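Rule-based calculations on the coordinates, nothing more; no lab input. What you see is a predicted model; the values in this text were computed from it and never measured. Here the Cβ positions follow ideal geometry from the backbone for every residue, glycine too, while neighbour counts run over all protein chains shown.
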Amino acid sequence: MKHDLTKATFIIPVRIESQDRMRNVITSTIFLLQNFDTNIIIKEVDDSSVYEKFVAPQIRECLGESYKSVKHFFQYSTEPLFHRQRILNTLSAPGQGDTLLAAQIT
């Protein structure tokens, strides 16, 4: 039985620069959607999207119809530093639900 968090949105800023980070994004997203009825917004900031090529297909395969609760946004950047808080601030715009939950994938 899933817990009702339909009024909550998990926001996850991420840069997937390693296999470990990729595995953590996959595992965390699947866990959240298997256990909670909720929404997830993933914002990836990098010079190319690892999420679309490698992560999304694996999550879709595992979750099926539940994957529709995931929104992915990609922002091109060659900036060597990852500004997590700046990304969280841009994702915290009105209209994302009653409650925003920031998740950190390490």
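Points to keep in mind about this one:
- Loop GluC sites (Glu not before Pro), the stretch 14-106 (other Cβ atoms within 10 Å of the site Cβ: 12 or fewer; DSSP): GLU17
- Length gained on full extension, LYS7 to TYR76, computed as 0.36 nm times the residue gap minus the Cα-Cα distance: 21.9 nm.
- Global form of the stretch 52-105, assessed from the alpha-carbon gyration tensor, a/c cut-off 1.5: oblate
- Converting the Cα gyration tensor eigenvalues of the stretch 3-102 into ellipsoid dimensions via √(5λ) gives semi-axes, longest first, of 21, 18, 10 Å.
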